Every structure is written in C-alpha cells, then in structure tokens.
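A short write-up of the structure that comes next.
The values are calculated or read from the model by the stated rules, or taken from the named source; none is laboratory data. Quantities reported herein were computed from a predicted structural model and do not represent experimental measurements. Cβ placement follows ideal geometry from the backbone for every residue including glycine, while neighbour counts extend to all protein chains displayed. Side chains included, ligands, DNA and RNA excluded: accessible areas come from the protein's heavy atoms. Shrake-Rupley method; radii C 1.70, N 1.55, O 1.52, S 1.80 Å.
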Amino acid sequence: MLRQTSLGSLGLWIGGLLTIVGFAAYFSDNPTLNLAGFFYGIPLLLGGLALKASELKPVPFTETTAANVVTLRENLATEIQNQIRKDVTRYRYGQQAHLDDALARLGLSATDEERPLLQGLKEAEVAGSYALILEFDSPFVSLETWQQKKEKIEKFFGPGVRVEFTQPSAKYIDLALITTPKEKAI
C-alpha cells in the first residue's frame, strides 16, 4: 500500500493539518498544542513540499494482466524483471525519469531532452514465456538505434532474458523482456 501512496502528499496533509492546529492553538492561548503544531507541523509541511517537488509518479499498467500471465510471472520471472516492475510502479523521489540510469548506461539517452520516457508497461505471454513489456515514448531514439543495442540490453537486464522490440507508432518503442528457458545441467 505504501508503494502507491505519495509521501509528498501525505506530508503535505499531515503537516498542513498540524500547522493549522498550531495556529489555532496559538490564537486560543493553548501552548501545548501550539508547540506541537509548530514544531511538528511546519517541518512536516516543508518536507512534504520538498518530496512533492521531486516526485516521480508510478508508471501505469496499460493492460490488465491475465491470470495465466500472473502464474507465469510467479514461476518464470527473473529477479530483474520483478525489480523493474516493482520499481516503476511506485512513487520515486529525486529522479528525472523511470530507468534514467539504465538508459544512460545503455547509451540510449545522450541528453535529458532526448531520453526515451517510460509511459506504461504490460505483462504478456510470449511462446509460453513470461514477458514484461516496457512502453517508451522515444521520439529522438530510433528503432534502429534500439536494435543496435540489443545485445547490450540483454546483458544489462539478463541473465535469463531475451529482448524483442516493436514499434506500435512512429514515436513509440515497446521493449519486451522475455524469459528464456532455463538450461538443464547434464
């Protein structure tokens, strides 16, 4: 539940309420509530403002995940796929965009303005394997550039995944991280 709660909004509400109580207590000559309101309310209010200013909202699922895909996720998803799904679907603080460090390391964002932006994600079944599909708005990075980085992306998000790209429209790229079958030891 905390993953889907904005700490900035929570700080603003609680801090604002305590600050109002503090001011009301000040004018009604109640020193105990006055101190509590000022010493706890104002710092919480300022902290909430700071968090709200640096807040990065969760990326939405663009499709409802089917029950069979949830079963595949539980049985086949790699730790990295699960980590990505959990990280991008929660509030983040102090980052410019979701997966900005990963895109920079992969050479897919020369500048902040050219960085592909994660707009949504979905989960699917691809040939019996679990696939986490990341939907990027990528007007400055072409499909060819993404495809040139395929091996590097597979190593970065691997082991245990292969990468496929699709281009649903001119400025959008879907990056599918698909689990690969585990090889049996002989």
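Once you order the gyration tensor axes a ≥ b ≥ c over the Cα atoms, which shape class does the range 82-166 get: rounded for a/c under 1.5, otherwise prolate or oblate by comparing a/b with b/c? Before the final figure, lay out the partial values.
Values: a/c = 1.66, a/b = 1.18, b/c = 1.41.
Oblate, since a/c reaches 1.5 and b/c is not below a/b.
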Inter-site label distance for L17 and I80 at 7 Å from Cα along Cβ, in nm: 4.3
Checked against the positive end of the charge dipole of the range 14-146 (+1 on Cβ of Lys and Arg, -1 on Cβ of Asp and Glu, about the Cα centre), the farthest of P43, V141, L117 is P43
Inter-part gap, Cα centre of the range 66-130 to Cα centre of the range 1-43, in whole angstrom, is 37
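What's the magnitude of the charge dipole for the range 95-179 around its Cα centre, counting Lys and Arg as +1 and Asp and Glu as -1 at the beta-carbon? Answer in Debye, nearest 20.
Taking the Cα centre of the range 95-179 as origin, the dipole is about 240 debye.
Please report, in debye to the nearest 20, how large the charge dipole of the chain is about its Cα centre when each Lys and Arg carries +1 at its beta carbon and each Asp and Glu carries -1 there. Provide the component values of the computation, followed by the final result.
Details: 19 positive and 21 negative charges, 67 e Å.
Roughly 320 debye, rounded to the nearest 20.
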Show that you can apply the helix-only estimate: for the chain, add -39,500 (n - 2.57) for every DSSP H stretch of four or more residues, divide by all residues, and state [θ] at 222 nm to the nearest 500. -12500 deg cm²/dmol
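Could you give the accessible area per residue of the chain, probe 1.4 Å, as a whole number in Å²?
Numbers: 11300 Å² over 186 residues.
Accessible area per residue: 61 Å².
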Counting only protein heavy atoms with a 1.4 Å probe and every protein chain in place, the carbon and sulfur fraction of the accessible surface of the range 91-159 in whole percent equals 44
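Quick one: which of K57/K155; K57/K152; K149/K171; K52/K171; K57/K122; K52/K122 span more than 21 angstrom between C-alpha atoms?
Details: K57/K155 28 Å; K57/K152 28 Å; K149/K171 18 Å; K52/K171 29 Å; K57/K122 17 Å; K52/K122 27 Å.
Where the Cα-Cα span goes over 21 Å, the pairs concerned are K57/K155; K57/K152; K52/K171; K52/K122.
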Relative contact order of the chain, pairs being alpha-carbon contacts under 8 Å that are 6 or more residues apart, as %: 18
Computed over the Cα atoms of the range 1-151, the Rg and Dmax in Å are 21.7, 71
Excluding L117 itself, what net charge comes from residues whose Cβ is under 13 Å from its Cβ, given Lys and Arg +1 and Asp and Glu -1? -3
